[in-house]
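Student: Here's a structure for you.
The values are calculated or read from the model by the stated rules, or taken from the named source; none is laboratory data. Bear in mind that the values here come from a model prediction, so they are computed numbers and not experimental data. Please note: Cβ atoms are built from the backbone with ideal geometry, for glycine as well, and neighbour counts cover all protein chains shown.
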Amino acid sequence: MGQEYTSVGFDKELLALLDTIHDEDQNYRLKLGEIEKEFGRDSEELKAHWEMIHDMDEENLIKVMGILDGRGWLGPDVIGEQ
């Protein structure tokens, strides 16, 4: 999680935002297996977790589309390899 960016040209504020989006996305998805194992595949808990992921995906899509609309496709020289 989180990275340090020291290379000249990196947009550190944007990288922090992208890291947060990525980390949240992955953390919630990694919990799916635990929830399914504990409560079952058809459980209300798992359905609620999927709804939360869906809502977060919609919010993140808006954020990322805003970045792309405003700045275009950014290469590794600006945002790194990840």
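Student: Please report, ordered by residue number, the helices (runs of 4 or more DSSP H) entirely within the chain with at least 1 residues that are touching a residue at least 24 places away in the same chain (Cβ under 8 Å) and of a type outside the set (Asp, Glu). Steps first, answer last, please.
Tutor: Working: elements: 12-30, 32-39, 44-71, 76-79.
Result: 12-30, 44-71, 76-79.
Student: Here is a follow-up. Got at least one residue in region 19-30 being exposed (fewer than 13 other Cβ atoms within 10 Å of the Cβ) and either among the hydroxyl-bearing types (Ser, Thr, Tyr) or more than 15 Å from the chain's Cα centre (by Cα) (or both)?
Tutor: No, because not a single residue in region 19-30 is exposed (fewer than 13 other Cβ atoms within 10 Å of the Cβ) and either among the hydroxyl-bearing types (Ser, Thr, Tyr) or more than 15 Å from the chain's Cα centre (by Cα) (or both).
Student: Moving to a separate point now. Could you list all residues from region 51-82 that are within 15 Å of the chain's Cα centre (by Cα) and either farther than 21 Å from LEU15 by Cβ or of a type in the set (Asp, Glu) (or both)?
Tutor: If the condition is that a residue be within 15 Å of the chain's Cα centre (by Cα) and either farther than 21 Å from LEU15 by Cβ or of a type in the set (Asp, Glu) (or both), then MET52, ILE53, HIS54, ASP55, ASP57, GLU58, GLU59 are the ones that fit.
Student: Of everything in region 1-56, what is basic (Lys, Arg), under 26 Å from PRO76 (Cα atoms) and modelled with pLDDT of 95 or more? Give them in sequence order.
Tutor: Restricting attention to region 1-56, the residues satisfying the condition of being basic (Lys, Arg) are 12, 29, 31, 37, 41, 47.
Filter again for under 26 Å from PRO76 (Cα atoms), leaving 12, 29.
ARG29, the sole residue that qualifies.
Student: Would you pick out the residues in region 16-35 that are acidic (Asp, Glu) and either more than 15 Å from LYS47 (Cα to Cα) or touching a helix residue (DSSP H, G or I) at 6+ places or on another chain (Cβ under 8 Å) (or both)? Spell out how you get there, then give the answer.
Tutor: Within region 16-35, the subset acidic (Asp, Glu) is 19, 23-25, 34.
Correct list: ASP19, ASP23, GLU24, ASP25.
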